[in-house]
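Each remark here refers to the structure printed beneath this line.
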Amino acid sequence: MQEPILERDPADPKRKPMNPLLKLALELGPLMVFFFANSRGEWLAERFPALGAFGGPLFMATGLFMVATAISLTVSWLLVRTLPIMPLVSGVVVFVFGALTLWLQDEIFIKMKPTIVNTLFGVVLLGGLFFGKSLLGYVFDEAFKLDAEGWRKLTLRWGVFFLFLALVNEVVWRLFSTDTWVAFKVWGIMPITLIFTFSQMPLIMRHSTDDTFRKR
């Protein structure tokens with residue numbers, strides 16, 4: 001039987017696991033490429049003149065971000081022969097808004113991308129709960145094994161958190177400079193997300209079905 005294109009349900013025994021650290025690296029890699037290209041745009045243009053065709057540092061970063069995202073999804077496909085749902089959705093938005101940014105040479109589109117992605121994720125997670133589906137299991141099933149109530153609570157919290165991130169992105173890109181927005185996108189959003197993630201550990205431990213994890 002042919003493997004489905006999209007990743008299987010977390011409860012499906014045929015789902016192919018991926019190392020959590022590798023999965024994290026594939027998801028964060030494109031973001032780090034974006035930050036580096038924006039901060040070292042002139043340096044890159046001097047050494048690789050062809051990159052200058054993209055435009056200024058932000059446009060160069062956008063183009064490389066799109067390439068890195070495509071590579072990340074390709075590596076995921078080669079490793080497990082399926083595409084991760086949430087990175088795929090994010091990738092589609094990256095390609096659409098990135099293309100608009102480069103075509104129109106207007107940085108607003110790439111700045112709106114986090115707002116669109118986070119709003120979409122928040123609405124999807126909360127909407128899934130409305131229909132009785134805890135979709136967060138697709139993201140964290142490699143790291144945690146929770147009971148149904150645990151997944152419901154964690155999905156609700158992450159859904160609200162994604163909407164919060166969308167609001168924060170809107171405030172930062174509208175009120176501050178491009179360099180401030182890029183720096184905050186990498187060095188602000190990441191710590192906030194890590195703090196939020198670690199704050200959910202008590203909930204995870206209470207609802208874990210992994211006896212070894214609960215004893216830690």
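Being closer than 27 Å to residue 127 by Cα, aromatic (Phe, Trp, Tyr) and at pLDDT below 95 narrows it down to one residue among 181, 151; which is it? Spell out how you get there, then give the answer.
Numbers: 181 fails: closer than 27 Å to residue 127 by Cα.
Just a single option satisfies the conditions, and that option is 151.
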Failed item in (1) open to solvent by 50 Å² or more (accessible area, probe 1.4 Å); (2) over 16 Å from the mean Cα position of the chain (by Cα), with residue 28 passing the rest: (2)
Where a residue in the stretch 85-100 is more than 12 Å from residue 116 (Cβ to Cβ) and its partner, wherever it lies, is of a type in the set (Phe, Trp, Tyr) and part of a helix (DSSP H, G or I), with Cβ under 6 Å and at least six apart: 85/138
Helices (runs of 4 or more DSSP H) completely within the stretch 84-176 that count 2 or more residues being open to solvent by 40 Å² or more (accessible area, probe 1.4 Å) and β-branched (Val, Ile, Thr): 85-104, 108-130, 148-175
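Of everything in the stretch 72-83 that's out of contact with any strand residue (DSSP E or B) (no Cβ under 9 Å at 6 or more places or on another chain) and free of Cβ contacts under 8 Å to residues at least 40 places away in the same chain, which residue is most open to solvent (accessible area, probe 1.4 Å)? Spell out the reasoning first.
So in the stretch 72-83, the residues out of contact with any strand residue (DSSP E or B) (no Cβ under 9 Å at 6 or more places or on another chain) come out as 72, 74-75, 78-81.
The next check asks that each one be free of Cβ contacts under 8 Å to residues at least 40 places away in the same chain; those that pass are 74, 78.
Values: 74: 72, 78: 106 Å².
Selected residue: 78.
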Qualifying residue in the stretch 15-25 (condition: open to solvent by less than 60 Å² (accessible area, probe 1.4 Å) and in contact with a Lys or Arg (Cβ under 9 Å, 6 or more places away or on another chain)): yes
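The values are calculated or read from the model by the stated rules, or taken from the named source; none is laboratory data. Here the structure is a predicted model, which means the values were calculated and not measured. Every residue, glycine as well, gets a Cβ built from its backbone with ideal geometry; the counts of neighbours run over all protein chains shown. Quick note on the areas: whole protein, heavy atoms, side chains included, nothing else; ligands and nucleic acids left out. Shrake-Rupley method; radii C 1.70, N 1.55, O 1.52, S 1.80 Å.
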